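For reference, the structure is listed below as structure tokens.
Read the figures in this text as sums done on the coordinates, not as results from a lab. All values derive from a computational prediction rather than experimental measurement. Reconstructed Cβ throughout: ideal geometry from the backbone, glycine too, with neighbour counts over all protein chains shown.
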Amino acid sequence: MPLRVRRKLLFLLLALLAVLVAAGAAAAANGGFTPQAPHSPNAARINSAYYLILGFTGFIFVVVESLLILFVWKYRSRGRGRDVEGAQVHGHTRLELIWTAGPVVILAVIAAFVFYKLPGIADVPAASANDRVNVTVEGHQFYWLYRYPNGAVSIDDLHVPVGRVTYLTIRSADVDHSYWIPNLGGKTDAIPGRINHAWFRPSAARVYGGQCAEFCGIEHEAMQARVVAEPRADYERYIGTTAPATLGRQEWEGVCATCHGMKGQGDYGPAIASNPILTDEQSLARIVENGFGKMPAVGKGWNLEELHALARYAKGTVYTGASGGG
Ligand code: CUA
């Protein structure tokens, strides 16, 4: 082997090694390449489809790469001149049949499996018809607003009874968002002018994290969602008393603070803690309903009660007085 080629080969091997080492670290930092553990029947079905496809693609990867390395070794030039052609191989009917029929069979198996699982992923279980919790999920720049069956509202945190089906009606008040709680199922887009549905049945009493999965503007990454699955009594108490009592704070922290900071001290948006508009319910309502300058119409579609809760909290808790420093 000429020295020049040997050097190139060495360089390639080192580069490959570096990539492999970095890939390991990247995978570990990210929690690995596999999806999160399923805690809802639909999420479990999505995961089985994932592992079936991972199995086939992993197998194909190993076969192709092994053959590649084998052939590179077996059919190397062995000192033949660089412009002389090597041995030529022609038609091998059985091999050609195998590599044509094989992929067709694999794709057919994957398609059959996915179509078999699909109804259990997409359709809410019929048996839950009389016992499900219907919640409307609204995507807003840049928060999630939930409306419960009794009219209660919460922001970013969705409380649901554990072990029961929650049926989601998902819409958007402004631009495209995507609602995604990885442990509880796939992504469902929130699209203006369209209504989508999703469901889950959380199997454990715990908090499930999620994230808006469609780039929707400057604070897209701040659009995190949580599902709090809890015993039925806790859920009833939450929508009966806790959510209404904390609505103003939730609105401030989930909606305004994203840009203006927790205390209104300013962050991406300007400092507003000492702005007298915080004490003027009508002006405040006009701004959150219509937007102002670069600020989106964050309160689009809010009812009077929701606007009033924010005004009360802004005036009573956030406002620092005209001379206050925030
Ligand atoms: Cu909403 Cu990204």
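Structure data summary
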quantity	calculated
Gyration tensor verdict on the stretch 262-326 (Cα atoms; rounded if a/c is under 1.5, prolate if a/b is larger than b/c, oblate otherwise)	oblate
The stretch 247-298-the stretch 202-233 distance, computed between alpha-carbon centres (Å)	23
Candidates Ala271, Ala23, Ala205: whichever shows maximal mean-square fluctuation once the chain is modelled as a Gaussian network with Cα springs under 10 Å	Ala23
Global geometry of the stretch 1-116, whether rounded, prolate or oblate, following the gyration tensor of its Cα atoms and the 1.5 cut on a/c	oblate
Tilt relative to the chain, helix 304-313 - C-alpha long axis, 0 to 90 degrees, to 10	80
Full-stretch length increase - Phe113, Val63 - with 0.36 nm per residue and alpha-carbon distance subtracted	15.7 nm
By average C-beta atoms within 10 angstrom, highest first, the peptides 217-225, 9-17	217-225, 9-17
Listed residue (Ile53, Ala37, Ile69) projecting farthest to the positive dipole end of the stretch 27-90, Cβ model	Ile69
Fraction in percent of alpha-carbon pairs per bin - 10 Å, the stretch 247-298	25, 66, 8
For the chain, size of Cβ-based charge dipole, Lys and Arg +1, Asp and Glu -1, in debye	1720
Reciprocal of mean inverse Cα separation for the chain (Kirkwood radius, Å)	24.2
Ser172 long-range amide H proximity, modeled H, under 5 Å	Gly139, Ile191, Gly193, Arg194
Gyration tensor verdict on the stretch 14-57 (Cα atoms; rounded if a/c is under 1.5, prolate if a/b is larger than b/c, oblate otherwise)	oblate
Mean Cβ neighbour count within 10 Å, used as a protection proxy, ranking 125-138, 62-75 highest first	125-138, 62-75
